[in-house]
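*Asks:* Before we start, here is the structure in question, set down as structure tokens.
The values are calculated or read from the model by the stated rules, or taken from the named source; none is laboratory data. Note that the coordinates shown come from a computational prediction; the quantities given were computed from them, not determined experimentally. Counting neighbours? That spans all protein chains shown, and the Cβs are built from the backbone with ideal geometry, glycine included.
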Amino acid sequence: MNLNLTKIMFFIMLMFSTLMSISASNWLSMWMGLELNLFSIIPILNFKSSIYSIEATMKYFLIQAFASILLLIFLINKNFFFLNNSNIMIIMPLLMKLSLMPFPLGLPSMMEGLNGMAGLLMMTGQKISPLIMISYLNTNKNLIFLITLISMNSILGLNQNSMRKILAMSSINNSTGMWLAILLNNKLWSNYFVIYSMLNFLMIKILNNYNINYINQLKFFNLNFFFKLNMMMLIFSIMGLPPMIGFLMKWMLIKNLIYNNMYMIMMMLIMLTILNLFFYIKMSYFMLFNFNLFNKWYLQFKKNNYNFFLFMNFFSLFFSYLIFY
Amino acid sequence: MLILFSMIFFSLNIKSWWLAQNFFFFFFFFMYFKIPMFNYFLNISYLFGMDMFSYLMFMLGTWIISLVYISSLNLKNIYLNYFNFLMFIFLIIFYFCFFSNNFIMFYIFYEINLIPVIILIYGWGYQYERFKAGFYLFIYMIFFSLPFFSCLLNLNNTVFLFMYYFDYLNNLNFYYYLFLMMIFLVKMPLFLFHIWLPKAHVEAPICGSMILAGIMLKLGGFGIYHILMLVFKVNLNLNYFFISLCLIGMMVLSLVCFFQSDLKILIAYSSVVHMGLVIIGFLTLNNWGYFGSLILMFGHGLCSSGLFCLSNICYLRFKSRSLFLNKGLINIYPFLSFWWFLLCSSNMSFPPSFNLFGELFLLISLMIWLDYFYLLYFLIMILMFLYSLYLYLYTQYGKLFFNMNYLVYINLTEYLLLFMHWVPLNLIFLIMELFC
């Protein structure tokens, strides 16, 4: 076994840059952390290099570099002439880094080129530091409403066939949820984030192992029974149907939004999740069939280590009480 | 409870069809011997409690599940363990739904209910159209679910969410009323929100449609009954809207029944009409209405699932559910024709079927509520009579369809199945004191 030293170095840099930006005491070192984060993730995205991954990396770099320069400008100007209103100006580039408000569609087109695990990093790990930085600022309620409205973009997932794009669309929706969560309560956000990244990890791991890139690939697989059940439960969980763990995220968020009297935003969020249901159901269709067509030449995978996760998904709502509180 | 949970794991190892069937059958009798002869809430603990309503509905559920096993004998060799697993899951879900004390727990299990039904429709369905049917079912069910849940959480600030609430709340507004009711009204289904039901029935296998008609729709009624206590004040102002919508919808849908050519769609629309009656009974907010709805729900659960069984028996023989092919059956299956008559007559609430008592009770409740609505109600009763007659006459009489290559006679198990639908439906009036 050969140790890939550059890989180790960049991963350590990635983790430490995130830690640096979330534990810094002043805005400039937070900004430094973000920059280090950017420079350490770019090689990671390209470990399995292809034309598509290079294109995705380029897009990612441009968006992030633009956002961080904007952030720097607004940070420097904060003390001079923007005074109290400067909060919004700082939030904007951070939202851009989260791929939330101004350019939410950067993420799906990037995800298309990347391999699974790099995509997972983009959807989960890269969102920690901007989210924590946002939580230090005061946010206007109108802005919250606007951004929740704009994240309606995730309805574009209806039109997609690519699994990764669909996951990216759901990530846009969920990062809106995460953003709302961190505005309300840090503990709430950490729970939300852990559950979301766990589900995403399972999903992407399965898609990677079985080499599923498009929805219609699910249709013709001769998958075994437990895999089907597992996959179905996972999709229902990401959907947020009640018995699964994914429902817990919604439960916590809705409850906290109600306690803070943010009714309109709550309704917006509910409508969003119903819109997103459409494309999740499209994914789960093929898992529900007992009888379907399949290709004879398809190799059967013998490894099935995911049955444990099925259990976790299905019963965790009842045990989550013990885990989180 | 522990027995129930251990049964899940047991169910994966049952290799025999009849063993599972017998389990549900004896479970029903176990429930029957423990029946409380008492009309109000009882056995209330911290998490679970019951009243007569929930106990009867759960009994109906176990009965229907045991009959599901008899009805779908042709699935015996396909995914047996999966099927057993689903049925046990159904049993447990009904247990939690009907016996939970807490609204949030009730909501969670109410929503879990959707998943096994979807699995039944997709897994054992026949046609490609089950894509669309399942999609409709899913979206209709989910759409009002989260608003309902957020209303519950909002109530939780002020009220402990106890299902057997003895007092009503004054501070609830129109939106609460709408969102708390709609999730159940869609499940019932209310007119204008009923499109999913015929679609789901057509695509579902016999086990799916028996469970849908037999118990799933009753969950909606159960929910409405408990919500009405919460939103009592708003009810008094706004119920007229839903009642008149139901009356109009029942008339329209019973007319729609007359130009259906598919047996299952006809039965599905007739069950929408019956459920409209149930909604009216609950929304009139009087005792007659409550008992009438309870009785009608019980009767309809047995009657419509029996009719679905009959349509499935014909489907297995003729490979079609079309009324144009299933005609003149009295020439070849005279004894089955007798059962068609019995179940159709129960559907048109012929004495001594249980539906008759329910409809009489509902008539009285509607007369108490408003003077002249019962004229419309009579019209609807005539239409219900006529479409049941239409169903019976067009399948049994007329020319026989001669393109059949072979004839399969009716098995004794199928007669047994129909017998076990019809006998409780028509003899239960002898123990009427259970219901009122």
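*Asks:* When A:Asn230 is evaluated against the numbered criteria (1) without any contact (Cβ under 8 Å) to a residue 60 or more places away in the chain; (2) over 21 Å from B:Tyr140 (Cα atoms); (3) more than 10 Å from chain B (Cβ to nearest Cβ), which criterion, by number, is the only one it fails?
*Replies:* Single failed check for A:Asn230: (1).
*Asks:* So, of the residues in the range B:96-115 that are over 22 Å from A:Leu275 (Cα atoms) and under 16 Å from the mean Cα position of the chain (by Cα), which turns out to be farthest from the other protein chains (Cβ to nearest Cβ)?
*Replies:* In this case the residue turns out to be B:Phe98.
*Asks:* Among the residues of the range B:117-131, how many are modelled with pLDDT of 90 or more and either closer than 23 Å to A:Tyr263 by Cα or more than 10 Å from chain A (Cβ to nearest Cβ) (or both)?
*Replies:* The number of residues fulfilling the criteria is 1.
*Asks:* Identify, by number, the condition in (1) more than 11 Å from chain B (Cβ to nearest Cβ); (2) at pLDDT 85 or above; (3) on the phi > 0 side of the Ramachandran plot that A:Asn261 doesn't meet.
*Replies:* Going through (1) more than 11 Å from chain B (Cβ to nearest Cβ); (2) at pLDDT 85 or above; (3) on the phi > 0 side of the Ramachandran plot one by one, A:Asn261 breaks only (1).
Yes/no matrix, rows are residues, columns are (1) surrounded by 24 or more Cβ atoms within 10 Å (Cβ to Cβ); (2) acidic (Asp, Glu); (3) out of contact with any Phe, Trp or Tyr (no Cβ under 7 Å at 6 or more places or on another chain):
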| position | (1), (2), (3) |
| --- | --- |
| B:Asp262 | no, yes, yes |
| B:Ile265 | no, no, yes |
| B:Ile280 | yes, no, yes |
| B:Ser293 | yes, no, no |
| B:Phe298 | yes, no, no |
| B:Cys309 | yes, no, yes |
| B:Tyr315 | no, no, yes |
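*Asks:* Starting from the range B:407-436, take each residue that is within 17 Å of B:Cys303 (Cα to Cα) and free of Cβ contacts under 8 Å to residues at least 12 places away in the same chain and list its partners that are in a helix (DSSP H, G or I) and among the aromatic types (Phe, Trp, Tyr), counting only C-beta distances under 8 angstrom and pairs at least six apart or across chains.
*Replies:* Short answer, once both residue conditions are applied: none.
*Asks:* Then there is this: Which members of the range A:274-292 meet the condition of being of a type in the set (Ser, Thr, Tyr) and more than 7 Å from every other protein chain (Cβ to nearest Cβ)?
*Replies:* A:Tyr280, A:Ser284
*Asks:* Further question on the same structure: Identify the residue in the range B:34-89 that is of a type in the set (Ser, Thr, Tyr), touching a residue at least 40 places away in the same chain (Cβ under 8 Å) and under 19 Å from B:Leu217 (Cα atoms) and, among all such residues, is surrounded by the fewest Cβ atoms within 10 Å (Cβ to Cβ).
*Replies:* Among residues in the range B:34-89 that are of a type in the set (Ser, Thr, Tyr), touching a residue at least 40 places away in the same chain (Cβ under 8 Å) and under 19 Å from B:Leu217 (Cα atoms), the one surrounded by the fewest Cβ atoms within 10 Å (Cβ to Cβ) is B:Tyr55.
For (1) under 15 Å from the mean Cα position of the chain (by Cα); (2) aromatic (Phe, Trp, Tyr); (3) at pLDDT 80 or above, each residue gets a yes or a no:
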| site | (1), (2), (3) |
| --- | --- |
| A:Ser154 | yes, no, no |
| A:Ser162 | no, no, yes |
| A:Ala181 | yes, no, yes |
| A:Tyr214 | no, yes, yes |
| A:Lys219 | no, no, no |
| A:Phe225 | no, yes, no |
| A:Leu234 | no, no, yes |
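*Asks:* Now, a different point. With respect to B:Phe350, determine if the residue is surrounded by fewer than 24 Cβ atoms within 10 Å (Cβ to Cβ) and touching a helix residue (DSSP H, G or I) at 6+ places or on another chain (Cβ under 9 Å).
*Replies:* So B:Phe350 fits the description; yes.
*Asks:* Quick test for you: out of B:Met367, B:Met384, B:Met404, pick the one residue that is out of contact with any His (no Cβ under 7 Å at 6 or more places or on another chain), in contact (Cβ under 8 Å) with a residue 12 or more places away in the chain and within 25 Å of B:Leu255 (Cα to Cα).
*Replies:* Sole residue among the options that is out of contact with any His (no Cβ under 7 Å at 6 or more places or on another chain), in contact (Cβ under 8 Å) with a residue 12 or more places away in the chain and within 25 Å of B:Leu255 (Cα to Cα): B:Met384.
*Asks:* Could you tell me which numbered condition B:Asn173 fails, if it satisfies all but one of (1) within 11 Å of chain A (Cβ to nearest Cβ); (2) more than 23 Å from the chain's Cα centre (by Cα)?
*Replies:* (1)
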